[in-house]
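The values are calculated or read from the model by the stated rules, or taken from the named source; none is laboratory data. Every value quoted in this text rests on a predicted model; they were computed, and no experiment measured them. Note that we place each Cβ from the backbone using ideal geometry, even for glycine, and neighbour counts take in every protein chain shown.
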Amino acid sequence: MKLLLPKPGRYVMAVSGGLDSICLLNMMAKIKDYELIVAHFDHGIRIDSGKDLEFVSLLAKDYGLEFYAESVSLGPNASEEIARKARYAFLYQVMAKTEADSIVTAHHQDDRLETLFINLVRGTGRKGLTSIANTETIKRPLLNVTKEELKSYGCQHNLSWREDTTNNDLHYLRNYIRHILIPKLSVMDRQRLIKLMDDQQNVNERLDNLLKLLLDSEFKNRLSRSTINILPYNLSKELIAAWLRCNNLVSFDRRTIERLTIAAKTKRPGTIVDVYSKAQITLNKEYLALSTIER
C-alpha cells in the first residue's frame, strides 16, 4: 500500500470504529515516531452508535493511547453536511486541547471517487473536484489506498471493527454511488478519475496562489472593485470566493457567488448585499467592504 504518512509528531486520530479508521490506527500505532490521540465523535444518528463509542474506547485502552469522545443527538434525519461539520468541530477542539500537530482521518481512494461523483451531481466548482485532500491541519495517509486493500489488511491482521448499518441504505446518494456506481468502474476508469483529481489539485493550488496576489493583505475585509471589473466574469467569481474564504466564510454555494459577483459589477455605490447569516457586503465606489451585523 502506498501510504502518505505524515512527518513524526503528535496527532489526533479520528476513529469511528469502522474498517478504515481501525486499519489506519493499527498501521500508525506500530510507528514509534508518532504520539497518537484517539478521538471518537458519536453523532447520535443511529440508535446503536453508543456501542461504537464503547468499542473505540476499549480499543484505545488496548493500544495504551489517550482517548477523547463526545456524544450528541443529531437524529436519523441529520444531513451528511451537518454531521461532518459537527465532527470536525469536535476534532479541532481536541487538537487545540492536546496541542497536536494536526488531525488524521482514514479517507481513502474510494472516498475520493464517491465525493467526486456526489459533487458533480450537485454542480460543483473546481474545489469540489478535490474536496478530499491533505491540508496543513488534516492529514489523510490512505488517499492512495483502495477499500479492497483495507479489507485485505483488516483480515490479514485479524482486526475487529464495527459495521455502520446505514451504509447499506441506497436512499442515500453516497451509498448508491458506493454500491452501484463505483463497482462498475474498471481499473483504467479509476486511474483516469484519480489523475483528473490530482491534476485539478495542482491547478487549484496555482490558481489560489494567483488569487492571493490580487487580494489586498493590508485590508483583509476589503476587495478592490476595479480589480473585479477588469476581470472576466468567471475569474471575478473565483476572486470573490477566495476573498470570502480568507475571511473565514466558507459555507457559500455557487448561486451566492454568482449573486455577489453580479452585484459587485453592476450595483451602485452604497448598495448593501447580504452574503449569508450575519455577513454583508457594502459596495463603495472603489472597493467592497465586508462586515458582520447583528440581526
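Brief remarks follow.
- Pick from segment 242-295, criterion assigned to a loop (DSSP other than H, G, I, E, B) and within 20 Å of the chain's Cα centre (by Cα), ranking: surrounded by the fewest Cβ atoms within 10 Å (Cβ to Cβ): Asn248
- Within segment 144-170, the set of residues being among the hydrophobic types (A, V, I, L, M, F, W, C) and more than 23 Å from the chain's Cα centre (by Cα) comprises Cys155, Leu159, Trp161.
- Residue that is over 21 Å from Gly75 (Cα atoms), under 24 Å from the mean Cα position of the chain (by Cα) and assigned by TED's automatic domain parsing to the domain that holds Ser49, where the choices are Leu173, Leu181: Leu181
- Unique residue being in a helix (DSSP H, G or I) and either among the polar types (S, T, N, Q) or more than 18 Å from Lys139 (Cα to Cα) (or both) when the list is Ala69, Ala60, Ala78: Ala60
- Every pair of residues 6+ apart whose Cβ atoms lie under 6 Å, when the first sits in segment 161-185 and is aromatic (Phe, Trp, Tyr) while the second is surrounded by 14 or more Cβ atoms within 10 Å (Cβ to Cβ) and not in a helix (DSSP H, G or I): Trp161/Gly18
- Failed item in (1) modelled with pLDDT of 95 or more; (2) part of a loop (DSSP other than H, G, I, E, B), with Asp216 passing the rest: (1)
- Qualifying residue in segment 13-22 (condition: within 25 Å of Gln156 (Cβ to Cβ) and of a type in the set (D, E, K, R)): yes
- Where Glu35 falls short, out of the listed (1) more than 23 Å from the chain's Cα centre (by Cα); (2) in a loop (DSSP other than H, G, I, E, B); (3) over 18 Å from Asp164 (Cα atoms): (2)
- For Thr124, the test of being closer than 22 Å to Val12 by Cβ, out of contact with any Phe, Trp or Tyr (no Cβ under 8 Å at 6 or more places or on another chain) and either at pLDDT 90 or above or of a type outside the set (Asp, Glu) (or both) is failed.
- Every residue from segment 133-168 that is surrounded by fewer than 12 Cβ atoms within 10 Å (Cβ to Cβ) and not in a helix (DSSP H, G or I): Thr135, Glu136, His157, Asn158, Ser160, Glu163
- Any hit, segment 260-268, residues being of a type outside the set (Val, Ile, Thr), more than 28 Å from Glu205 (Cα to Cα) and not assigned by TED's automatic domain parsing to the domain that holds Gly123: yes
- Checking Asp48, Asp20 one by one, the residue that is in the same structural domain as Pro141 (by TED's automatic domain parsing) and crowded, with 22+ Cβ neighbours inside 10 Å is Asp20 and no other.
- Residue check, Gln156 out of contact with any Asp or Glu (no Cβ under 7 Å at 6 or more places or on another chain), among the polar types (S, T, N, Q) and in contact (Cβ under 8 Å) with a residue 40 or more places away in the chain: no
- Any pair with Cβ under 9 angstrom, 6 or more apart, that starts in segment 208-237 at a residue that is of a type in the set (Phe, Trp, Tyr) and ends at one that is not in a helix (DSSP H, G or I): Phe219/Tyr287; Phe219/Ala289
- Taking segment 56-111 as the range and being among the β-branched types (Val, Ile, Thr) and under 25 Å from Leu181 (Cβ atoms) as the test, the residues that pass are Ile82, Thr105.
- Qualifying residue in segment 58-80 (condition: buried (at least 21 other Cβ atoms within 10 Å of the Cβ) and either under 30 Å from Asn202 (Cα atoms) or within 14 Å of the chain's Cα centre (by Cα) (or both)): no
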